[in-house]
Structures are given as structure tokens and as C-alpha cells.
Amino acid sequence: MRPLKRVIFAVSAELADAVNRSCYVAGLLADCHTFVTKLTWFCSVVFAPLPAMRKNETNRQAAWLTSLLLIPAVLCADNALCADAASANNASDASDLLLNLFIEKGYVSKAEAEKVKAEAEKRQAELDQYKAEAEQYKTETEQLKADVAQLKANEESYRTNAVPSYLPAAKWKINPGDKSIELFGDIRMRYEDRQIQDPKGNKVTWDRLRYSLRLGMRGEVFDDVYYGFRLETSSNPRSSFNTLGTPTGSSTAQYPNPFTKNNETLNVGEAYIGLKYGGWLDVVMGKMPNPLFTSTMVWSPAISPSGAAETLTHAVGDMDLSVTLGQFIYQATNPNQSSQGFLPQNANNSSQPFLMAFQGKIDYHLTKTVNFKVAPVLYYYTRYQNGQNPSANGAYYSPDFSGTYVGQGQKVGVNGVPASYNLAGSTPGFDGYYANQTGINDLLVLDIPLEVSVNLKKVKVRFYGDYAQNLQGKERADAAYNAANSFYFSDNGPGAGQINPINSPQTHDIRAYQFGIGVGSTNLIYGPSQGLVYGNESKKNAWEVRTYWQHIEQYSLDPNLIDSDFFNATENEQGVYAAIAYGLFDNVIATVRYGYARRINDQLGTGGSSGDLPQMNPLNCYSIFQFDLGVRF
């Protein structure tokens with residue numbers, strides 16, 4: 001068999017050389033045919049004389065020979081396709097004929113032929129892929145050439161117009177210590193209809209067009225320090241809205257022209273610095289977004305408390321636990337010390353009143369779609385706890401947080417016309433009211449807001465509520481009764497006949513509660529004062545519907561913190577709120593709100609210090625309708 005092997009090697013070399021030559025001439029089909037003819041003659045000469053007893057060994061040699069020759073032969077036939085695309089079908093047929101010939105002669109099995117054919121097709125596919133990538137690179141190269149040509153043309157144009165060929169440095173520079181910075185805010189337009197009615201049927205109605213601008217910046221610097229500030233229209237801490245045109249009561253004598261600007265001012269709504277440490281501690285100081293988890297029943301969403309707050313967080317399994325401590329400056333009473341004679345108050349010393357908040361929060365992820373939150377908080381006031389009754393000489397305090405809260409209104413109106421009137425006008429009163437509406441005496445409020453949120457396939461549903469009770473409510477009711485029946489308001493006092501009397505202490509009016517439901521799109525974040533309805537979340541075609549029932553008794557909450565829209569920042573009121581909002585675009589929101597409330601206890605006034613419609617006390621009923629169109633940025 002050794003001579004046979006030498007012959008096979010010699011023939012293989014000769015045939016391989018023939019294959020290479022056929023590739024060089026572009027794989028013409030005639031060369032493939034000649035190659036097949038020679039290979040057939042060779043096999044018939046070499047293998048026909050072999051004895052039958054060597055048949056199996058001969059077959060092995062043929063297979064070995066095929067492994068050397070068959071793949072190059074098939075590739076040679078396929079290369080004809082690369083040389084002449086028009087003969088693609090003929091080239092495929094030629095390679096198939098070659099394989100069929102080997103099978104007929106018994107040189108290879110059908111399985112081996114299929115394997116060789118598959119290998120050839122695989123290599124052809126790789127070749128096609130390389131060609132496609134080459135075409136893609138060619139296209140990209142042409143595009144790059146075009147871009148370079150355009151840049152050269154632009155540069156030539158700059159030179160022609162005497163403009164430097166380099167771009168000037170940016171004028172807006174950001175400190176390299178900033179990790180992130182964001183400009184944010186919104187512009188809102190509002191139509192509002194607001195109406196109040198006293199027990200005798202007398203009404204006050206406001207139809208007005210309003211606007212609000214809020215513009216701020218917030219960011220984070222290295223070492224986990226963050227900051228923020230926000231400018232906004234209106235000096236009212238419970239609203240950023242101004243009324244278009246000169247509102248009634250403005251200084252029209254000083255500015256007699258239309259479209260005045262005397263109340264068009266920007267004020268600092270927020271300015272704060274915070275520090276996050278280790279993922280478990282967050283400390284913030286300044287005039288800040290409310291750090292507490294609370295409801296609109298207790299805090300107006302527009303209020304930004306001033307002072308400091310610390311939040312500690314810790315995760316336990318499926319629960320996120322947190323504790324928030326707040327120290328909020330309620331009123332600046334400087335100077336803290338003063339010798340007599342330097343100031344008209346003749347005060348020797350004073351101390352700042354603080355609102356202290358202690359909150360614990362549990363955020364429990366019941367399932368992947370159901371979440372439960374509860375966050376009890378205790379509010380404690382460090383000063384003015386005992387209040388001060390009106391003095392016998394008619395002196396009053398401004399601002400009157402230190403006085404005793406009364407909450408009653410006048411029993412006669414302007415010029416003796418029967419009405420329920422609250423404003424003292426030029427008559428000595430308490431922050432402009434006949435009786436104190438702002439005192440923070442005897443307030444120790446326990447508030448328990450909670451919510452259950454369910455993420456369904458297409459909507460997100462929130463069931464939420466809040467319960468609050470003044471733990472010193474009985475003392476607050478007794479103090480209001482004593483102040484209303486003090487010498488100041490007696491028949492012989494300077495405030496004789498100015499307020500509706502309190503017949504007996506209403507010590508049971510010390511609770512407040514709210515419960516509601518919200519339904520909205522799944523692509524938004526919701527909270528007690530967060531969502532599409534409040535304008536701090538938006539997506540195109542997103543929507544939200546929210547409604548609640550609210551009940552606030554006369555001595556239950558701090559009247560200076562509750563919402564001025566729902567319901568007029570007054571206590572002793574209960575009613576319903578409903579709102580629907582829709583995202584016209586990613587940053588454009590249309591919102592409709594409605595609220596209606598009535599007095600709870602007919603023996604008391606509706607205490608509070610509304611900046612919108614403060615004239616009437618008590619309010620027998622109150623209604624409000626708002627339509628907003630806002631743009632966020």
C-alpha cells in the first residue's frame with residue numbers, strides 16, 4: 001500500500017495545483033468540468049484493479065483522499081459565483097454534480113457528502129457576511145468623507161465672514177464640584193370661582209383669573225451634599241398665585257393705571273442645604289420642602305417650613321423604617337435680649353417659638369403590587385402654650401400667635417348691617433380680626449396619616465386617610481370660652497358686643513379626619529400631595545382622579561397650617577373634594593378641582609385666618625371651583 005499512498009499524494013498535489021489555477025481564472029465552469037473528468041479517470045484507473053479483499057481498505061483511502069480534495073473542489077465551484085454573479089445557479093449545479101459523482105463511484109457516503117456541502121455553504125455564508133460588512137464600512141466611510149467636506153466648507157465660510165475658526169468658550173460655567181444640577185419650575189394659569197355664605201344667606205363671591213410662576217434650581221455636590229432654592233410669585237405662604245389685574249383693595253390711588261405691577265413680585269419660597277450620610281441619615285436646614293409624610297388636611301401643600309430636619313432610615317426585610325425629627329422656627333421674636341428703653345415693647349428677653357415634629361414611618365411592601373404606609377407624628381409647640389387673654393386696656397398682639405385662640409366672628413356687619421363679619425378694620429383687633437384666629441396655645445397634636453397603594457396592570461389605586469386629635473383640645477376649648485367671656489368682650493370692655501359669644505366650652509370638638517381614594521396611570525408617582533393633580537408629576541396621556549371627605553373640628557389642628565383652598569383655611573368645616581387631571585403633553589397638565597363644605601358645630605364660629613376671603617365668620621357653607629392649565633419645566 002505504500003506505493004499507492006505515494007501515488008495518491010502525488011496526484012493530490014497535482015490536483016490541488018489545478019484547483020488553485022482554477023481559482024485564479026475566476027472559477028470558470030469549464031475548469032470545474034475538466035477537473036471532474038480528470039478526477040473520475042484517476043479513480044477508475046487506481047481503484048478498479050484492486051482485489052476485492054482490499055475493498056474496505058480502499059474505501060478508507062478514498063475517504064481520506066476525499067477529505068483532501070472534496071472541500072477545495074466544492075469551494076472552487078462556489079468561487080465561480082463570486083467571479084460571475086450571473087452564473088450563480090450554474091455554479092451551484094456544478095458543485096452538486098461533483099458531489100453526486102463521488103457518491104455514485106462509492107468514494108464517499110451520502111452523509112459525508114452532505115457534511116462537506118454544509119461546510120462549504122457555511123464558508124460561503126461567512127464570505128457573504130464579510131462582503132456585507134465591507135459594504136457597510138464603505139457607506140460609513142463615504143458619510144465621514146461628506147461630513148469632513150461639510151466641516152471644511154463651514155470653516156471656509158467662517159473665515160469668509162471674519163469669524164474665528166474655533167468656537168468660543170461657553171459663558172455658562174458649572175463648578176467642577178457639582179455632581180448634578182437641575183433647573184425646575186412651572187407656570188400655571190387658573191380660573192377660580194369661590195363663594196362663601198353666612199347663616200343668614202349673605203354671600204361673598206370671587207371670580208378671578210390667576211397665575212403662578214415657580215422657578216428653582218437644585219443640585220448635588222460631592223461628598224453627598226445637596227442644595228436647592230425656588231423663587232415664586234405671591235408672598236402668601238399657603239399659595240403662589242397672584243390675581244391678574246389689580247385686585248380689589250390694592251393701592252389703586254398710587255397706581256391709577258390698568259395692568260399694574262404693584263403686587264407682581266418674586267419671593268423666596270425655598271432655600272436649603274442638606275447632607276446625606278451612609279444611606280441612613282439625611283439632614284437638611286433652611287426653608288425646605290416639607291420633610292414629613294403628611295396629608296393636605298394638616299399641612300397646606302404650598303407651605304415650606306423653616307428650620308432643620310433629620311431623617312434616619314433602615315430596612316428590615318420587606319419593611320422600610322424611618323424616623324423624622326423636625327425643628328421648625330414658627331416666629332422670629334428678635335431681639336432675644338434688650339435693655340428697657342431701646343425698643344417700644346419694653347421687653348427684657350424673649351425666645352423663639354418652635355414647632356417640633358416627631359415622626360415614625362413604616363413602609364411595608366406586602367406584595368410586589370400592594371404597599372402599606374403609616375406614619376404617626378406628634379406636633380409640639382415650645383412657646384405660647386398658655387396663651388394670653390386680651391388685656392383690659394385693649395392692647396393686642398401682632399402677629400398674634402401668642403394670644404389665646406378664640407375663633408369667633410363679629411355678630412354685626414359693616415355699619416351695623418346684620419351679617420357675620422370677622423375683620424376689625426380700624427378697630428383695635430387681633431391681627432386684623434375682632435377675635436384671635438391664629439393663637440397656638442394648647443396644641444399637642446397627634447396625627448396618623450396612612451395609605452394603601454395597589455399597582456394593577458393598567459392603573460394604580462390609592463386608598464388613603466388621616467386621623468388627628470389635639471391631646472390638649474379640652475384645654476384649648478376652655479381657653480377660647482374664657483377669652484370670649486373675658487372683660488375685654490364684656491359689656492364694659494373695649495370689645496363689648498364685637499363677637500358672637502360662646503355659650504359653653506365645646507370640649508368635644510378636638511378631632512379631624514380625612515379619607516379618600518385616588519386612581520391614575522401607572523407611569524406616575526403618587527403621594528398625599530404628589531401626583532398629576534398637584535402638578536408635580538406629568539406624562540403625556542397620563543391621568544388621575546382623586547377625591548376625599550374631610551372633617552376638621554374647631555380645636556383640633558393648627559389653623560395657620562391648613563389649606564387655604566380646601567376649605568378656605570378655616571376650622572369647624574367638613575366637606576368633599578374632587579379633582580381630575582390629564583397630561584396633554586409630557587409637561588402640560590390640565591386640572592379641574594371642586595370643593596364644597598359646611599359648618600359642623602352651629603354654636604361656634606369657623607376659626608382661621610384665610611388670606612383669600614377672611615371677611616366672614618362663621619361660614620355656613622363654602623364652595624370652590626378651579627380650572628388649571630400648567631406647564632412644567
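The values are calculated or read from the model by the stated rules, or taken from the named source; none is laboratory data. Nothing here was measured: the structure is a model prediction, and the numbers come from that model. When we count neighbours, we look across all protein chains shown, and the Cβ atoms used for this are built from the backbone with ideal geometry, even at glycine. Calculation scope for accessible area: heavy atoms of the full protein, side chains included, ligands and nucleic acids excluded. Shrake-Rupley method; radii C 1.70, N 1.55, O 1.52, S 1.80 Å.
Between the beta carbons of Phe585 and Trp549, assuming R0 = 25 Å, the FRET efficiency works out to 0.15 to the nearest 0.05. Distance between the 7 Å Cα→Cβ label points at Val576 and Lys179: 4.8 nm.
How do 600-611, 445-456 rank on mean C-beta neighbours within 10 Å, highest first?
My ranking of the peptides, most packed first, is 600-611, 445-456.
Based on the Cβ-Cβ distance of Asn601 and Met356, what FRET efficiency does E = 1/(1 + (r/R0)^6) give at R0 = 30 Å, to the nearest 0.05? E between Asn601 and Met356, to the nearest 0.05, is 0.55.
Under 5 Å from the amide H of Phe184 lie the amide H atoms of Gly216, Met217, Arg218, each residue being 5 or more positions distant or on a separate chain, with H modelled from the backbone and absent for Pro and chain starts.
About the Cα centre of region 432-500, what is the dipole size in debye to 20, counting +1 per Lys and Arg Cβ and -1 per Asp and Glu Cβ, all else neutral? Could you put the intermediate results ahead of the total?
On the way: 6 positive and 7 negative charges, 139 e Å.
That gives region 432-500 a dipole magnitude of about 660 debye.
Full extension of the segment from Lys540 to Leu266, taken as 0.36 nm per residue of separation minus the current Cα-Cα distance, would add 95.7 nm. Remark: the Cα gyration tensor places region 294-340 in the oblate category, a/c being 1.5 or greater and a/b not exceeding b/c. The packing ranking of peptides 577-584, 222-229, 499-506, highest mean first, is 577-584, 499-506, 222-229, where packing means the average number of other beta carbon atoms within 10 angstrom of each residue.
Sorted largest first by accessible area at a 1.4 angstrom probe radius, with every protein chain in place, the residues Lys152, Lys117 fall in the order Lys152, Lys117. Please go through region 534-633 and write out the trypsin sites (Lys or Arg not before Pro) that DSSP classes as loop and that have at most 16 other C-beta atoms within 10 Å. The qualifying sites are Lys539, Lys540. Where a ≥ b ≥ c are the square roots of the eigenvalues of the C-alpha gyration tensor, would you call region 421-563 rounded, which needs a/c under 1.5, or, failing that, prolate if a/b is larger than b/c, or oblate? Taking the square roots of the gyration eigenvalues as a ≥ b ≥ c, region 421-563 is prolate.
If you keep only loop residues by DSSP, which trypsin sites (Lys or Arg not before Pro) in region 173-210 have at most 16 other Cβ atoms within 10 Å of their Cβ? All intermediate terms of the calculation are to be shown ahead of the outcome.
On the way: sites: Lys173, Lys179, Arg188, Arg190, Arg194, Lys200, Lys203, Arg208, Arg210; in loops: Lys173, Lys200.
In loop regions of region 173-210 (DSSP not H, G, I, E or B), the sparsely surrounded trypsin sites (Lys or Arg not before Pro) are Lys173, Lys200.
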